[in-house]
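Every read-out reported here was derived from the displayed coordinates using simple, explicitly stated rules and does not represent laboratory data. Not measured: the values here are computed from a predicted model. Positions of Cβ are backbone-derived with ideal geometry, glycine not excepted, and every protein chain shown enters the neighbour counts.
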Amino acid sequence: MKRQPIENSLAKKEVYFQLVLHALVFSFYVIDSNHPSKVNTFHWYDVVYFLNYTIANLIISYVLLPKFFYAKKYIAFFGLTVITIAFVILLEELVIEKWYFPDSRGAGFPGVIFSLGQVLPVIVILSGFKFAWDALRNQRKVEELKAIIKESELTFLKSQINPHFLFNNLNNLYSYAVVQSLKTPEIILELSSVLRYMLYECKEASVPLTKEIEHLRNFTRLYEMQIEERGEVTFDAPVGATGFSIAPLILNVFIENAFKHSQSGQSEQIKIAIRLTINEDGKLNFVCQNNYKNVNQKSNSGKGIGLYNVKKRLHLLYPDSHVLDIQQTDLLYKVSLEMVLNKD
């Protein structure tokens, strides 16, 4: 429903633009066509001459350009343009000049080159501005289309985060419920808190950094309860990081992967360290590292749909303002992310 008002507004602007353009070109045409000593003298035949050029411009700009040139039918376009200009010259030489100047300019044909010199500059200027207007309008449509595609892609990527998170945590919750662990109710409460944030508080393109940090604390605590006493988890982040915003759920995957791959083939001495710092210019430094045991196979923690999605989101949201570095050894996996945040 919004598209039609926008198109109507652009059409009105184009009409105003063409009227102003024709008025300016006509004023210069009148000055050039009169004797220097009579530049302020108005003649009706100037209007007739210019009207002839205007009709030709309308045919070229609003018929030939959209139907042939933009459709890449270049031979037809140039052929019909030549015919249109030829008709303008014939109408000017055989009708207009014989009507207004029967004994002087209308008495003979001055030649094709001379006539083209009189006609082409005006038509080229008028048609050229129409071509430029269309180019700017098409560029605007391309930018709008890119924005729509980007928004759709981000929505799709973001929609995959919650199912991925639920899939992992419901499996863990099922395991605790089977053994009737006393931590099951507490895990359910933490999971409810995290899901509430994911579903209701991060629908916008960006959220306050303070809210995202609080969510990451709860997110980390939820996973920390699942490793029980088998290791050490540290979460270090500023408390009063106000004034900046961040894309929601952009860091979850790194923390989730740290817990998932630390527990892979490792029953104790799990070490996970998460640290966030931010300077006054809004540069965020995020480091998440974890240890793991290499059980005769290369860890695939650098793969998977979650990591692919977060890399894609970073590319779309922070194309020139983030640096992601992932280091992996036989015993350690470390993610370092630097990104410039927007101010609230």
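Annotations for the structure displayed:
- In the frame of its principal axes, segment 160-343 has Cα extents of 47, 36, 28 Å, reported largest first.
- If only the Cβ of Lys and Arg carry +1 and only the Cβ of Asp and Glu carry -1, the dipole of segment 160-343 around its Cα centre is close to 440 debye.
- Here the extension length gained between D325 and D134 equals 64.4 nm, from 0.36 nm per residue of separation less the Cα-Cα distance.
- Each label point was placed 7 Å from the Cα along the Cα-to-Cβ direction; for E14 and S192 their separation is 5.8 nm.
- Gain upon complete extension [I113, L332; 0.36 nm per residue less C-alpha separation]: 70.8 nm
- Here the spin labels are modelled as points 7 Å beyond Cα on the Cα-Cβ line, and at L91 and E214 they lie 7.2 nm apart.
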